[in-house]
Amino acid sequence: DTEVTQTPKHLVMGMTNKKSLKCEQHMGHRAMYWYKQKAKKPPELMFVYSYEKLSINESVPSRFSPECPNSSLLNLHLHALQPEDSALYLCASSQERTGTITDTQYFGPGTRLTVL
Amino acid sequence: KQEVTQIPAALSVPEGENLVLNCSFTDSAIYNLQWFRQDPGKGLTSLLLIQSSQREQTSGRLNASLDKSSGRSTLYIAASQPGDSATYLCAVRRNYGQNFVFGPGTRLSVLP
């Protein structure tokens, strides 16, 4: 199974709402990533979790709050978002072994987020 | 700061042509470079990954090369097909870091 799943596929929310994006993989990968992608732009890295610990936060506003409850799950909690946060949010995972950094990132299909 | 560029930004070719997509990066201290394709509104599919110690990788009709010292990678697509139409992105991984930097992509259209 080389699949990363993301739910929901589409999400529309108001600026006062609280919502969460979910990502799941069962490949035994220990690194998981959140990216944001605006239309016709490349993905921009937001967060990286390695062995369930946050290892990279690319200066993302606090209205985005990541969580890694276990090695297979990654959540992104959203609160008080702005219309400019509307984008495709992509999750990815890769193998990670202590002392080395390896290999291919596998991406999910993304969640299309619209903030009204 | 690592910057990644891709040329051309868009490309339209008739079916059957061989084509080359280019990726350039400013900092040669990379761990690996990965090529992806992305269909409109969808996630990314990994095509090829080249470690910094490698010169090229091949998968089917795809061949990717890496010249780390000059900061360049090329993706060669042989005998292009309409199903190859997509945006192709390269991504560079920093030495021993988990930061990936993506190029802006090349939008490829293969006409039947």
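A few notes on this one:
- Criterion: touching a residue at least 12 places away in the same chain (Cβ under 8 Å), on the phi < 0 side of the Ramachandran plot, out of contact with any Cys (no Cβ under 7 Å at 6 or more places or on another chain) and buried (at least 21 other Cβ atoms within 10 Å of the Cβ) - qualifying residue of A:49, A:89: A:89
A quick yes/no check of all residues on (1) within 14 Å of chain B (Cβ to nearest Cβ); (2) farther than 28 Å from residue B:52 by Cα; (3) part of a strand (DSSP E or B); (4) not acidic (Asp, Glu):
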position	(1), (2), (3), (4)
A:47	yes, no, yes, yes
A:54	yes, no, yes, yes
A:60	yes, yes, no, yes
A:65	no, yes, yes, yes
A:76	no, yes, yes, yes
A:84	no, yes, no, no
A:91	yes, no, yes, yes
A:113	yes, yes, yes, yes
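- Count of the stretch B:25-34 residues which are part of a strand (DSSP E or B) and away from chain A (no Cβ under 14 Å): 0
- Test: residue in the stretch A:31-42 that is in contact (Cβ under 8 Å) with a residue 60 or more places away in the chain and aliphatic (A, V, I, L, M): yes
- Test: residue in the stretch B:48-57 that is under 10 Å from the mean Cα position of the chain (by Cα), more than 14 Å from chain A (Cβ to nearest Cβ), farther than 20 Å from residue A:45 by Cα and not hydrophobic (A, V, I, L, M, F, W, C): no
- Complete set of residues in the stretch A:31-44 that are part of a loop (DSSP other than H, G, I, E, B) and either surrounded by fewer than 17 Cβ atoms within 10 Å (Cβ to Cβ) or polar (S, T, N, Q) (or both): A:38, A:39, A:40, A:41
- Scanning the stretch A:13-23 for residues that are surrounded by fewer than 18 Cβ atoms within 10 Å (Cβ to Cβ) and farther than 13 Å from residue A:85 by Cβ yields A:16, A:18, A:20, A:22.
- Any chance residue B:80 is surrounded by 15 or more Cβ atoms within 10 Å (Cβ to Cβ), in contact with an Asp or Glu (Cβ under 8 Å, 6 or more places away or on another chain) and outside any strand (DSSP E or B): yes
- Contacts under 6 angstrom Cβ, first residue in the stretch B:70-94 being away from every other protein chain (no Cβ under 14 Å), partner among the aromatic types (Phe, Trp, Tyr), 6 or more apart: B:71/B:25; B:75/B:35
- Any hit, the stretch B:68-90, residues being of a type in the set (Lys, Arg), farther than 26 Å from residue A:6 by Cβ and at pLDDT 95 or above: yes
- Qualifying residue in the stretch B:85-95 (condition: within 18 Å of residue B:37 (Cβ to Cβ), in a strand (DSSP E or B) and among the polar types (S, T, N, Q)): yes
- Matching entry among B:40, B:104 (being within 14 Å of chain A (Cβ to nearest Cβ), closer than 19 Å to residue B:10 by Cα, modelled with pLDDT of 90 or more and assigned to a loop (DSSP other than H, G, I, E, B)): B:104
- Of residues in the stretch B:59-69 being touching a strand residue (DSSP E or B) at 6+ places or on another chain (Cβ under 8 Å) and polar (S, T, N, Q), the one surrounded by the fewest Cβ atoms within 10 Å (Cβ to Cβ): B:59
- Hey, residue A:109 facing chain B (nearest Cβ under 9 Å), without any contact (Cβ under 8 Å) to a residue 60 or more places away in the chain, closer than 26 Å to residue B:108 by Cβ and surrounded by 15 or more Cβ atoms within 10 Å (Cβ to Cβ) or not: no
The values are calculated or read from the model by the stated rules, or taken from the named source; none is laboratory data. Note that the structure is a prediction, hence the values are computed from the model and not measured. Quick reminder, even Gly has a Cβ in these numbers, built from the backbone with ideal geometry, and neighbours come from all protein chains shown.
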